[in-house]
Amino acid sequence: MTKHREPLGSKELAKKFGLSQEEWESVLKRLGRNPTLTELGLFSALWSEHCSYKSSKVHLKKFPTKGQRVLQGPGENAGAIDLGGGLAAVFKIESHNHPSYIEPVQGAATGVGGILRDIFTMGARPVALMNSLRFGRPEHPKTPHLLRGVVKGIGSYGNAVGIPTIAGEVYFDPSYDGNILVNAFALGVCKPGEVVRAVAKGAGNLIVYLGATTGRDGIHGATMASASFGEDIEEKRPTVQVGDPFKEKLLLEACMEMFAEGCLVGIQDMGAAGLSSSSSEMAARGGVGLEIDTQKVPARETGMTPYEFMLSESQERMLICCRPDQLAAIERIAYKWDVDCAVIGKVTDTQRLVVKHGDALAADVPVKELTDNAPLYERPHIAPPSPAKLDLANVADLSDVQGSLLRLLGSPNLCSRRWVYRQYDQDVGTLTIRRPDAADAGVIMLGPMFPGRKDALAMTVDCNARYVKADPLEGSKAVALECYRNLAATGALGLAITDCLNFGSPEDPIVMGELALACDGLAAAARALDTPVISGNVSLYNQTGDDGIDPTPTVGMVGQIADATKTGRLAPRAADLDVWLFGTGTPSLAQSEWLFVSRGEKKGRLPPVDIAAQKAACDAVRVLWEQDTLDAAHDVAEGGLLVALAEMVLAAPVGIRIDQPL
Amino acid sequence: MKVTVITFPGSNCDRDVQRAFLGLGASLIIGWHEDTKLEATDAVILPGGFSYGDYLRTGAMAARAHIMPEVKAFADRGGAVLGICNGFQILCEAGMLEGALLRNDSLSFICEDVKIDVEQADTKWTRGLAGKTLRLPIAHGDGNFYADEATLDRLEAEKRVVFRYEARNPNGSKRRIAGICNANRNVVGLMPHPERASDVLLGSTDGLQILGAILEGGAR
Amino acid sequence: MKFRVHVALKNGVHDPQGEAALRVLKRNGLEGFKDVRVGKVLDVEVDARTPAEAKALVEKASKELFCNTVIERFTVSAVDEA
Amino acid sequence: MKFRVHVALKNGVHDPQGEAALRVLKRNGLEGFKDVRVGKVLDVEVDARTPAEAKALVEKASKELFCNTVIERFTVSAVDEA
C-alpha cells in the first residue's frame, strides 16, 4: 500500500466546492493555516445550505418546537412526540429534489432510503411513508420521463423495504419545469423511553461503520443539493447514487435488533455528505472528538482517497458509537443480517475530528468549527409585492358550472392520482385502514402491532404553492390549516408538524422575503393549532437559471384518532342524509384552480386567514366523527365546493343534490 | 396446531402473516432461511416480500436458501405448505410448483383489491371453500403467471388451478391463474395476500378463510 | 478470468418487457421494429486453476442461480482479457 | 435485420443486483467468484432499406428507450442471419 500523501486545498478548489470567498478566508482564519483537500471537503460539505441551514436558520427559530407531547424537537435526525399509553411517533420530511432531476428513478429511490434511515436511526420502526411531488407542465418535454421515473423510484424502494405509502400529493406547474420537487416523509414508532440519540461520547469508545460498502458515487451530493442547475448538468462522471432497498431492509432489521439488545451508545445514518456530516454531528452533540482511519472503511472501489471516503454518499450506511464490550454483539447481529461492519475509529476528548489514512494525516479540525460555529447569514429580504385584487367584471363563463366541473376534474392538478399510488404498496404491515382513495388523510391502526391499543394515526402532506406565491404569510397559514382540515375530516386531532421548505436562491432578496414571511405564517399557524414543528428540512437554490420556483413550504402533519373504529371517510354510503358546509370565510376565486385551468391566470389577493374560526370548524367535525354522527366528510381545497362534492360522489354508491343557496 | 413462518432476507410480510395466524389461535414457530432443520410443525408458510431484493429473478436466490431442502422434504411427506406472493415465486423457482411468475404485462407494480374464485376445495388450504369468491389485496410487480400450453392444459385437467382472477386479469397471467397446487395437493401458491384481509378494519376478512382452513381441518 | 453469461427466454415464452418496448417504440414514431426480446447478461470474474475449471464453475452457477431453466436458456462465453 | 443491444452500468455505478448475487454464490459454497455485474441484452429485429439505416434506428431506440444514459452505456452489434 503506497503511503497516502494528502494534497493541499486552494482558493480555486474552495470555489469549485461551493464555498464563497469570505467562507474560504474564514476557514484559513479558523485553522490558522491552509486547509488540506480533505479538510476543505469537510468544510464545504458541513457549511453547505443543506447541512448548516446558514441562510434559513434565523427564520427557523420562529417555529414553536415545544409542547407537552414533544419528546424530541428539531436538531436530531427526526422529531418525536408522545402518543400516550407508552408509545411515541417519530417522523420527518426531507427533499431529494436535485438528484431526482438528474436521474429520477435513483434520485427519488434514494430520497425514500434516506428518510427511512432518519427514522430508524432514532430507534423507531418505520410504519408509514408519504410523498409530495411537483413537476413542470405535463406538456413540457421532460415531464413524462421525470414523472414516470420518480413514481417508479419511490415505489420500487418503499415497496421492497416493505413500508406502506398511505398518502401524498402530485402537482404540475410551469414554475417546476426546470426543477422538480420530490419530498419524502416517513413515520416510525417506538417506546418513549427508547428514542435513540445520534451522539458519540465516552473517550475510548469505538466508532463502527455498518452497512453497504463505500464507493465514489455521489461525491459532493450535499453541495449539489443546494446548487442551482445551469444547462451543464450532464456530468461526465455519474455523481448519482444508486439505492439498494434490499440492503436497507437488512440494515433496518440489524439496527432494530441492536436497539433491542441495547448494544450501542449512539447512531446516525450517513445521509448527505456521508461520513463527514455523520461523524462531526455525532461528535458535536456529545462534545467529544473523533479519530477516523479511512483505510478501515469497507470499500467497493480500489484506491479511494480520504477525501473520497469522507465525502462519498454511497447509500445504506450507518455510523455507530459503542463501548468496546458492545462490539461483539454488534458484529454478531451484522453477520446474521449479512451487513458489512468495521471499526473505523474511536472517540477522543480533544473535540477535534482527526481523519487519517493508515498513519497519514488527512484532516485535523475542531468539530465545533464544522458544526455549531458554521457561518450564519442574515440575508437581505424584501417583502414580495402583493397581487392586485381580482375583478371578475366581464366573466362570461362563470355560469357554465357543468363545463367548469368537467374542465377542473380533467385538469392535471385535480384528475385521479390512481395511476400514481397504484404503484405504491399501501397495505404491507396490515395496519392501513384508509388508503389514499378512501379519505383526506392516510390512516394506520396501531392495535395489531401493539395489542390492546384502540387508537389510529392519521397523516397528510400538503402545500398550495400558488397561495404562498401570492401571499407568503397568509398562504403558509392556509397550508398548515389544509393539513389540519384533512386530519379532522378523518376524525383525527392534529398533533405536530414537520416541514420541507423548498425555495429559490437565498441570494435573491425577494426569495428570502418569501421565506421569512412563510416561516412567520407557519409559526403563527403551528402555535394557534397547537401543532409544534418537531423536524424538517430546507432546500434552497430550486430554480433553473435565474427563475426561482414558486415558494413551496410543504407541510406534513400527524394526528391521532382515539378509536380506530370511528375513523372518518370520504365517500357517503347512505342516502337521504343532509349535506352540511362547515367553516366560515368569504368565497373567493383569487388564485383559484378554476382561474388557472380556464384562463391560465394566477391572479387575485388572498382573503386573510382566520385560523381560530377554521380550527373551531375542524374540531367540530372531529368531535362529530367521535360521536359516530357523520357518514362522510371531505376537505374543500383546490376546485372549491364543486370539485369537493364531485369527488365525494365519484367515490360513493349515492348521489348529492344541492338546492339551498349558499 | 403449529405453524412455521419462514423469514428470508428481504421478506417483509413475515410479521403480518405471523400476526394473522396468532389471531387464529395457532402456535407460531419463526423459521430462518439459514436453519438446516425444520422444527416439528403442522404447516410451513413462505410469506410475501422482496427476498434478496427480487434481484436476478423474484424468488431466485431464496429458492436456494439452506432451509429449502427441508421445506421440500416436509412437502414430500405430505406437510401443508403455503406460498404467498413472493412465497409463490420461491416455490416455483424451487421446482415445488410448476410455471413461473413473470413481470406484470403493464410492467408496473400494482396494489389494489381483486376478486378471485376458489376453484378447488380439496386442497389443504381451501377446505370448505368450494365455489366461493374472495376479495383479497394484491401488491406485486411480477405476478404474471406463465407456463407453456402443455403444462397449462395438464394443470387444468388435473384440477390444480386453485385460484383464478374472477373477471379482470390484473397482470396478464395465463388463463387468469392466481394460484395453483402441486400434484399431491398439499403445496399451494397464490399471488394475492390473505393476511392483508384478516381484520374487518382492513376492509375484508376473506383471507382468514384460507389461513384458517388449515387450522379447523388439522393437517392429517 | 472473465466470462459473460447470456440468459435469454426460451422461444415461445411470453416476454412482457419486450412487448412493452415494441409498443413504446411504435408510439414514439420509431417505425420498422418487428420484434424485441429482453434478456440478461452477467459479466463474472472467477479465479480457478485452469480456464476449463473456471468455465465449469460459471456453468454451475448459471444452472443453479443465474438461469431459471424452466423458462430460460443460457450460454457462457469467455471474455478475452485483451 | 437482427441486432443485439448490450446495456451495462457505467463503471463506478454501484450494482446492488451483482453484489447480492455474489454474496449468495459465496454463501452457497461456490468459491472463486470475484465479481458479478448484471446488464441487459435486447435482441431486436428491424426492417430498413440498408443495414446501416437499420443500425442507426437501433442506436436511436437505444438512446431514447433501452438505455438510461445517465448511469448506463450501450453497444449495438449486428447478428448475422446464418
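The values are calculated or read from the model by the stated rules, or taken from the named source; none is laboratory data. Owing to the predicted nature of the structure, the values given are computational and were not obtained by experimental measurement. Heads up, the Cβs are rebuilt from the backbone with ideal geometry, glycines too, and the neighbour counts pull from every protein chain shown.
Scanning segment B:105-124 for residues that are under 29 Å from A:Arg422 (Cα atoms) and more than 7 Å from every other protein chain (Cβ to nearest Cβ) yields B:Ser106, B:Asp113, B:Val114, B:Lys115, B:Ile116, B:Asp117, B:Val118, B:Glu119. Counting only residues that are closer than 16 Å to D:Val79 by Cα and among the small types (Gly, Ala, Ser), segment D:1-51 holds 1 of them.
Out of everything in segment A:310-365 that is of a type in the set (Gly, Ala, Ser), surrounded by 20 or more Cβ atoms within 10 Å (Cβ to Cβ) and under 30 Å from A:Glu257 (Cα atoms), what residue ends up being nearest to the other protein chains (Cβ to nearest Cβ)? The selected residue is A:Ser314. Within segment D:49-82, being of a type in the set (Asp, Glu) and within 7 Å of chain C (Cβ to nearest Cβ) holds for one residue alone: D:Glu64. Looking at segment A:269-309, which of its residues are within 14 Å of chain D (Cβ to nearest Cβ) and out of contact with any strand residue (DSSP E or B) (no Cβ under 6 Å at 6 or more places or on another chain)? Passing the criteria: A:Gly274, A:Arg300, A:Glu301, A:Thr302, A:Gly303, A:Met304, A:Glu308. When the residues of segment A:589-625 are filtered to those that are small (Gly, Ala, Ser) and part of a loop (DSSP other than H, G, I, E, B), which remaining residue is modelled with the lowest pLDDT? The residue in question is A:Gly600. In summary, A:Pro144 fulfils each of the numbered conditions (1) without any contact (Cβ under 8 Å) to a residue 40 or more places away in the chain; (2) assigned to a loop (DSSP other than H, G, I, E, B); (3) not hydrophobic (A, V, I, L, M, F, W, C) with the single exception of condition (2).
Comparison of A:Ser10, A:Ser48, A:Ser55, A:Ser44 shows that the only residue that is among the hydroxyl-bearing types (Ser, Thr, Tyr) and surrounded by fewer than 19 Cβ atoms within 10 Å (Cβ to Cβ) is A:Ser10. Got a sec? Which of B:Ala40, B:Ala75 is more than 14 Å from chain A (Cβ to nearest Cβ), among the small types (Gly, Ala, Ser) and either under 24 Å from B:Ser204 (Cβ atoms) or in a loop (DSSP other than H, G, I, E, B) (or both)? Of the residues listed, the single one that is more than 14 Å from chain A (Cβ to nearest Cβ), among the small types (Gly, Ala, Ser) and either under 24 Å from B:Ser204 (Cβ atoms) or in a loop (DSSP other than H, G, I, E, B) (or both) is B:Ala40. Residues being under 22 Å from D:Pro16 (Cβ atoms), at pLDDT 95 or above, small (Gly, Ala, Ser) and buried (at least 24 other Cβ atoms within 10 Å of the Cβ) are entirely absent from segment A:282-296. Of the residues in segment A:156-174, at least one is without any contact (Cβ under 8 Å) to a residue 60 or more places away in the chain, surrounded by fewer than 23 Cβ atoms within 10 Å (Cβ to Cβ) and out of contact with any strand residue (DSSP E or B) (no Cβ under 9 Å at 6 or more places or on another chain). Selection of segment D:2-48 for residues being at the interface with another protein chain (Cβ under 7 Å from one of its Cβ atoms), of a type outside the set (A, V, I, L, M, F, W, C) and closer than 20 Å to A:Asp340 by Cβ yields D:Gly12, D:His14, D:Pro16, D:Gln17, D:Arg23, D:Asn28, D:Lys34, D:Asp35, D:Arg37. Residues of segment A:1-26 that are free of Cβ contacts under 8 Å to residues at least 60 places away in the same chain and aliphatic (A, V, I, L, M): A:Leu8, A:Leu13, A:Ala14, A:Leu19. Residues that are in contact with a Gly (Cβ under 6 Å, 6 or more places away or on another chain) and among the hydrophobic types (A, V, I, L, M, F, W, C) do not occur anywhere in segment A:606-615.
Candidates in segment B:156-179 are the residues that are within 14 Å of another protein chain (Cβ to nearest Cβ) and outside any loop (DSSP other than H, G, I, E, B); of these, the one that is surrounded by the fewest Cβ atoms within 10 Å (Cβ to Cβ) is B:Arg175. Of the residues making up segment B:5-16, not a single one is more than 14 Å from chain A (Cβ to nearest Cβ) and modelled with pLDDT under 95. Within segment A:510-560, the set of residues being in contact with a Cys (Cβ under 8 Å, 6 or more places away or on another chain) and either assigned to a helix (DSSP H, G or I) or closer than 16 Å to A:Arg466 by Cα (or both) comprises A:Thr552, A:Pro553, A:Thr554, A:Val555. Among the residues of segment B:167-220, those that are among the polar types (S, T, N, Q), out of contact with any Ser or Thr (no Cβ under 8 Å at 6 or more places or on another chain) and in contact (Cβ under 8 Å) with a residue 12 or more places away in the chain comprise B:Ser173, B:Asn182, B:Asn184, B:Ser204, B:Gln209.
Within segment B:59-72, the presence of a residue that is within 9 Å of chain A (Cβ to nearest Cβ), at pLDDT 95 or above and over 14 Å from the mean Cα position of the chain (by Cα) is excluded. Name the residue that is farthest from the chain's Cα centre (by Cα), counting only residues in segment A:1-27 that are closer than 29 Å to A:Leu376 by Cα and of a type in the set (S, T, N, Q). Selected residue: A:Ser10.
If only residues of segment A:488-506 that are among the small types (Gly, Ala, Ser) and part of a strand (DSSP E or B) are counted, the one that is farthest from the chain's Cα centre (by Cα) is A:Gly494.
For segment B:85-117, taking the residues that are part of a loop (DSSP other than H, G, I, E, B) and of a type in the set (S, T, N, Q), the one that is nearest to C:Asn68 (Cα to Cα) is identified as B:Asn104.
Per-residue answers, yes or no, for (1) among the aliphatic types (A, V, I, L, M); (2) within 30 Å of A:Asp520 (Cβ to Cβ); (3) not in a helix (DSSP H, G or I):
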residue	(1), (2), (3)
A:Ala14	yes, no, no
A:Gly18	no, yes, yes
A:Glu23	no, yes, no
A:Leu28	yes, no, no
A:Thr38	no, no, no
A:His50	no, yes, no
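Taking the criterion of being more than 14 Å from chain B (Cβ to nearest Cβ), over 30 Å from B:Ala139 (Cβ atoms) and not in a strand (DSSP E or B), would at least one residue in segment A:130-137 satisfy it? Looking through segment A:130-137, at least one residue is more than 14 Å from chain B (Cβ to nearest Cβ), over 30 Å from B:Ala139 (Cβ atoms) and not in a strand (DSSP E or B). Among the residues that make up segment A:572-588, is at least one of them at pLDDT 95 or above and within 29 Å of the chain's Cα centre (by Cα)? Checked segment A:572-588: no residue is at pLDDT 95 or above and within 29 Å of the chain's Cα centre (by Cα).
Flag not set for A:Arg407, criterion: farther than 26 Å from A:Pro587 by Cα, touching a residue at least 40 places away in the same chain (Cβ under 8 Å) and in contact with a Phe, Trp or Tyr (Cβ under 9 Å, 6 or more places away or on another chain). Within the option set B:Leu152, B:Leu201, B:Leu215, being assigned to a helix (DSSP H, G or I) and either more than 14 Å from every other protein chain (Cβ to nearest Cβ) or at pLDDT below 95 (or both) holds for one residue only, B:Leu215.
Has segment C:8-15 got any residue that is surrounded by fewer than 17 Cβ atoms within 10 Å (Cβ to Cβ) and acidic (Asp, Glu)? No, segment C:8-15 contains no residue that is surrounded by fewer than 17 Cβ atoms within 10 Å (Cβ to Cβ) and acidic (Asp, Glu).
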